[in-house]
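K.L.:
Below are the structure tokens for one structure; questions will follow.
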Amino acid sequence: MGLANEAVKMVQVSNANRADLGPALEKGNILFFSQTPFELSSHGRQALLSIAEVPGAHHKNIAFKPRAQKITGLSHVPANARGAVENALKSYSEWAIHFVAGLLPAYAHGWQVDYASFRPVEEENRDLPWKKRNDLIHTDAFPSRPTHGGLILRFFTNLNPSQDRVWVVGRPFAAIAPEHAVTAGLLKFAAQAHSPLRRAWSAVLPAARSAGLPVTDRSPYDRFMLAFHDYLKANAEFQNNCPKYQFRFPPGSSWMVFTDIVPHSVISGQYALEQTFIVSPETLSSRAHAPISILESISGTSLAQKAAFAR
Ligand SMILES: [Fe+2]
């Protein structure tokens, strides 16, 4: 297909390459900022770093939903620390949205701002069920938030004062999809695009939503991407033998990547901040780089309605 770099590279962002950041991301590279140009207040930073010392509190991510201005995952955080944690995550989210919009204005034009999160857990030796394991290489897909072809762009910051965050990534989606998408069930999901059941479901969805029912409208694309996440994690041959690239993100650094284009795993690290954006394929430097385009070309089927992304 000729779209993928065989190797995933870390691209240091500078004034000289600002115009090329979109294409670099879309080809499956990681944009890297050795020093994050933002600092939390020392009070906020301390509040986030102290969460690990609270029994039970460090098992969950804390999420901030910018559009609703709501925070979740604070139930174990002592009441007197919640305000500081919320303010810290909120100010990081506001800054990250502003910063990434400045770097990639074309994306910002059509993106949906998704959640921000704080990850207080040490990733090394976590005891998790296989589907939730971060140390297995996977592409991201959100069960509760279908993207209808939108891409998942994530901006991360290592808040740890002394420890690197270590990732291992595989070759980008354009390189692995031709080899694995059909085995992972692409044609079954593509067939659903034309099934009478799917059409009937689409027809009743608006009424179900307006009646207040908690329905999730997943396109065939979303169903495939959820299945592909599980397929990669469960595939021992892929996990053991796929070409791998290791990246270390030092304390204070930030990095940005399409986590559905770049299969990734987190090997170790504690205390990361992150802001997610759902980027419209129409705003990419080339729509051909989007996983949905690659899958549509392999399956010969349209896998999501364009209009659905706008919600
Ligand atoms: Fe992930």
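FYI, it's all coordinate maths here, none of it is from the lab. Computed from a prediction, not measured in an experiment: that's the story for all the values here. Counting neighbours? That spans all protein chains shown, and the Cβs are built from the backbone with ideal geometry, glycine included.
K.L.:
222 nm [θ] for the chain, helices only, -39500 (n - 2.57) per DSSP H run of 4+, per residue, to 500?
P.N.:
Theoretical 222 nm ellipticity from helices: -10000 deg cm²/dmol.
K.L.:
As a test, work out the antiparallel percent of DSSP beta bridges whose residues both lie in the chain, rounded to the nearest 5.
P.N.:
Of all bridge pairs located within the chain, approximately 95 percent are antiparallel.
K.L.:
Between the range 97-157 and the range 272-303, what's the alpha-carbon centroid distance in Å?
P.N.:
14 Å
K.L.:
Using mean Cβ contacts within 10 Å as the protection proxy, how do 193-203, 65-75, 82-92 order, highest first?
P.N.:
Packing proxy ranking, top to bottom: 82-92, 65-75, 193-203.
K.L.:
Just rank 76, 43, 264, 180, fewest to most, by other beta-carbon atoms within 10 angstrom.
P.N.:
43, 76, 180, 264
K.L.:
Return the single residue from 259, 216, 36 with maximal mean-square fluctuation; model: Gaussian network over the chain, springs between Cα atoms under 10 Å.
P.N.:
216
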